[in-house]
């Protein structure tokens, strides 16, 4: 190994993380601003008649913005750390979906599953 190779090994970037550039950060910043401004305009300008349509469009913009942040600011892709960061993300998303779905299911069915009693039935309890 030459002295030139050693100089590049010791600059604090490990795990095969991509190097960030100013242009990359600026692209991410401008995409984030656009992906925030459009939903703001949709709400303030009352572009859609139905509120549910506005909510779905804003949700879609939010999902796209999550990916912009992951790519441009968190530098997540399939090549970083041998793909383990994406695997961890997928596992986290699966756990979040399971947790949220289970929680919503329990809360939705809680009233039915509790079998409310009348005052007369409660007096006869041991």
| query | Checking residue 85 against (1) surrounded by 12 or more Cβ atoms within 10 Å (Cβ to Cβ); (2) modelled with pLDDT of 95 or more, which single condition isn't satisfied? | reply | (2)
| said: Only one of 36, 99 is part of a helix (DSSP H, G or I), more than 26 Å from residue 23 (Cβ to Cβ) and modelled with pLDDT of 85 or more. Can you tell me which? | reply: 99
| Residue check, residue 78 against (1) at pLDDT below 80; (2) assigned to a helix (DSSP H, G or I); (3) in contact with a helix residue (DSSP H, G or I) (Cβ under 9 Å, 6 or more places away or on another chain), all met but one. Which one? | (2)
| said: I'm told residue 24 meets every condition in (1) modelled with pLDDT of 90 or more; (2) assigned to a helix (DSSP H, G or I); (3) more than 16 Å from the chain's Cα centre (by Cα) except one. Can you identify the failing condition by its number? | reply: (1)
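Quick grid of which residues meet (1) in contact with a strand residue (DSSP E or B) (Cβ under 8 Å, 6 or more places away or on another chain); (2) in contact (Cβ under 8 Å) with a residue 12 or more places away in the chain; (3) in the same structural domain as residue 20 (by TED's automatic domain parsing):
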| residue | (1), (2), (3) |
| --- | --- |
| 34 | no, no, yes |
| 37 | no, no, yes |
| 50 | no, no, yes |
| 55 | no, no, yes |
| 58 | no, yes, yes |
| 65 | no, yes, yes |
| 91 | no, no, no |
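The values are calculated or read from the model by the stated rules, or taken from the named source; none is laboratory data. Note that the structure is predicted; figures quoted are calculated from it, not measured. Heads up, the Cβs are rebuilt from the backbone with ideal geometry, glycines too, and the neighbour counts pull from every protein chain shown.
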